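Notes follow the structure.
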Amino acid sequence: MAKRGHKRSSSEVSDHFRLINEQEVEDITLAFFYKPHTLLLLSVAVIGTFYFAFTGTYDGIEHNIWRGLSHASFYFLIISVLAFPNGPFTRPHPAIWRVCFGITVMYLLVLIFFLFQSYQDVMKILRWIFPDLEEYDPIEKEYAANCSDVSIERVWGHFDWYSFSHFGGWVVKALLMRSYVLCWIISVTWEITELSFIHIQPNFAECWWDAIILDVLVCNGLGIWLGMKLCRRLEMTEFRWESIKNIPSTSGKIKRAVLQFTPASWTPIRWFEPHSSLKRVLSVFIIVCVAQLVELNTFFLKHIYKFPADHWIGIIRIFVVITSTAPTIRQYYSYVTDPYCKRMGTHLWVFLAFSLIELMACIKHGQEMFSKTLIQNILMWLTIQLTFVFICLMAFWWYYQIHKPVESPKPLALRRLSQQSSSAPPTPSKVTNGYHGDSPTHQYMTRRRVQSVEKLGS
């Protein structure tokens, strides 16, 4: 990585931005799946539109409005496949990521439309689209009643759908964040967030053993542990892919097709560095606050617009958040750590936009709830967040100073080791169903050896 003082050309800046915003597919073997096919797509879309437009019967204005909006959304997704950027990922196919980004943009546009409507009109629209909301009676489960009564039966009774969603959510968050420290910071600060907003969201109230033991240690802790174990496993894996056309067996072709839905590579992420600047501290603070904001919006939206957690509205939003978070974090990390990346990625821009507009819509349509807001609680919440992040960075810096590697007094031995590593003949790799890779143990030892050489040479 280049130094901050290095003068960067416009081509270098453009190349680094393209890596996170318009990633290209390397080593294309099945060219048919990566050609544009714009004429074929146009023909199918127009023929389909002609059929549905002239064969449907008139069932009222509401039905026709629904059909029109559905087909308009369909065309918007087609345009997203043709025009939107790939983002930083290309597996399983760039078109899938473009469609996901198109859905995110549509969600942003719907939020902007709702923002300029009254609360009553928004509820009418939601109940028109989802008639089951007419009969929904929001009854929140109490988690803070009789906290002194601690028994195995009562603790087991607190394991519900939210507990499993916490566990699964933290597995995904760990795979995206790829940092024990950052995951634990967000996990702990979320409990502080619940305490800070309990005066406007009473369902945040829960017993101490529920918050500390069940949430932080069991659900969140196990999810973080499993997600980071998967990250470490993927970091030690050497990704070299074989073309599906070169695999002779049918089972091998099927396995290679399934592996297309796995990452093409895995990039280790280091949010915390020993010599982190003030910008890095603020960057980590921002990602912690945005993570809290997205979680808060989940509860605010459910409470204000009165829909259950397992409703289609919540499921669609979870899909939008998950599919947009992966490229967003990748773009944000490059924007923060790469001195050549001078522009904010498109996915990152849209993610921040819909997160903030969600908050605006909640504040506008939930004025009764937000009128109870205590400013001192919000200021204290922000102060604790920043202080906690700063303390974690200082602890990491202190730990590094204690365990700082000693420079090698034998540069000649280091040169010999480097020459041996560079002159050694390549080890034939094992080919299994289209995936090249040595054993994880061999890869791990090779990586440790290279890291040792780099540390001694620094």
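Where a number appears in this text, it was derived from the coordinates with a stated rule and is not lab data. These numbers were taken from a predicted model, which means no experiment stands behind them. Cβ placement follows ideal geometry from the backbone for every residue including glycine, while neighbour counts extend to all protein chains displayed.
Just the Cα atoms of the range 83-194: what Rg and Dmax do they give in Å?
When restricted to Cα atoms, the range 83-194 yields Rg and Dmax of 20.3, 59 Å.
Rounded to two decimals, what is the ratio between the C-alpha radius of gyration of the range 33-134 and 2.2 N^0.38 Å? Before the final figure, lay out each step's value.
On the way: Rg = 16.8 Å, N = 102, 2.2 N^0.38 = 12.8 Å.
Against the compact-globule rule of thumb, the ratio is 1.31.
Can you work out the Karplus-derived ³J(HN,Hα) for every residue in the range 103-118? Use 6.51 cos²θ - 1.76 cosθ + 1.60 with θ = phi - 60°, whole Hz, and x for glycine or proline.
Computed from phi, the couplings for the range 103-118 are 5, 5, 5, 4, 4, 4, 5, 5, 4, 4, 4, 5, 4, 9, 10, 6 Hz.
Which is farthest toward the positive dipole end of the range 10-402 among ILE61, LEU176, ILE224, measuring Cα position about the Cα centre, with Cβ charges +1 (Lys, Arg) and -1 (Asp, Glu)?
So the residue furthest toward the plus end is LEU176.
Just to check I understand the Karplus step: with θ = phi - 60° and J = 6.51 cos²θ - 1.76 cosθ + 1.60, what whole-Hz values come out for the range 384-389, glycine and proline as x?
5, 4, 5, 5, 5, 5
GLY87's amide H: which non-local residues (gap 5+, or another chain) put their own amide H closer than 5 Å, with H modeled 1.01 Å from N in plane and none for Pro or chain starts?
Residues meeting the criterion, in which the H sits 1.01 Å from N, are GLU22, GLN23.
Can you give the extra length, in nm with one decimal, that the chain gains between ASN377 and ASP121 once fully stretched, where that is 0.36 nm per residue apart less the Cα-Cα distance? Before the final figure, lay out each step's value.
Numbers: separation 256, 0.36 × 256 = 92.16 nm, distance 3.20 nm.
Full-extension gain reported as 89.0 nm.
Could you quote the convex hull projected area for the range 10-402, Cα atoms only and averaged over all directions, in nm²?
25.7
Debye calculation, C-alpha points only, no solvent: report log10 I(q)/I(0) for the range 302-397 at q = 0.21 Å⁻¹, in the same order as the q values.
Values, matching the q order: -1.16.
A 26 angstrom limit on the alpha carbon distance is what I want to check against. Which of LYS124/LYS173; LYS35/LYS253; LYS229/LYS279; LYS229/LYS306 exceed it? Don't jump to the answer; show the numbers that get you there.
On the way: LYS124/LYS173 35 Å; LYS35/LYS253 21 Å; LYS229/LYS279 29 Å; LYS229/LYS306 38 Å.
Pairs exceeding the cut-off: LYS124/LYS173; LYS229/LYS279; LYS229/LYS306.
Return the long-range amide H neighbours of GLN260 (sequence gap of 5 or more, or a different chain), with a cut-off of under 5 Å between placed amide H atoms.
none
How do the peptides 78-84, 174-180 rank, highest first, by the average count of neighbouring beta carbon atoms within 10 Å per residue? Walk me through the intermediate numbers first.
Working: 78-84: 16.4, 174-180: 20.3.
Final packing ranking: 174-180, 78-84.
Assigning unit charges at the beta carbon (Lys, Arg +1; Asp, Glu -1) and nothing else, what dipole magnitude in debye, to the nearest 20, does the range 10-402 show about its Cα centre? Write out the running numbers ahead of the final one.
On the way: 30 positive and 32 negative charges, 278 e Å.
I would put it at about 1340 debye.
What ranking do ASP132, ASP137, ASP210, ASP338 get, fewest neighbouring Cβ atoms within 10 angstrom at the top?
Result, fewest neighbours first: ASP137, ASP132, ASP338, ASP210.
Taking the Cα centre of each part, how many Å lie between the range 71-145 and the range 346-365?
Spelled out, the Cα-based centre of one part sits 12 Å from the other.
What order do you get for CYS147, CYS207 when you list them from fewest to most C-beta neighbours inside 10 Å? Show your work: numbers first, answer last.
Working: CYS147 14, CYS207 20.
Ranking CYS147, CYS207 by Cβ neighbours within 10 Å, fewest first, gives CYS147, CYS207.
PHE130's amide H: which non-local residues (gap 5+, or another chain) put their own amide H closer than 5 Å, with H modeled 1.01 Å from N in plane and none for Pro or chain starts?
For PHE130, no residues qualify.
List ARG91, ARG330 from most exposed to least, where exposure is judged by having the fewest other Cβ atoms within 10 Å. Don't skip to the answer; put the middle values down first.
Details: ARG91 17, ARG330 22.
Going from least to most buried by this count: ARG91, ARG330.
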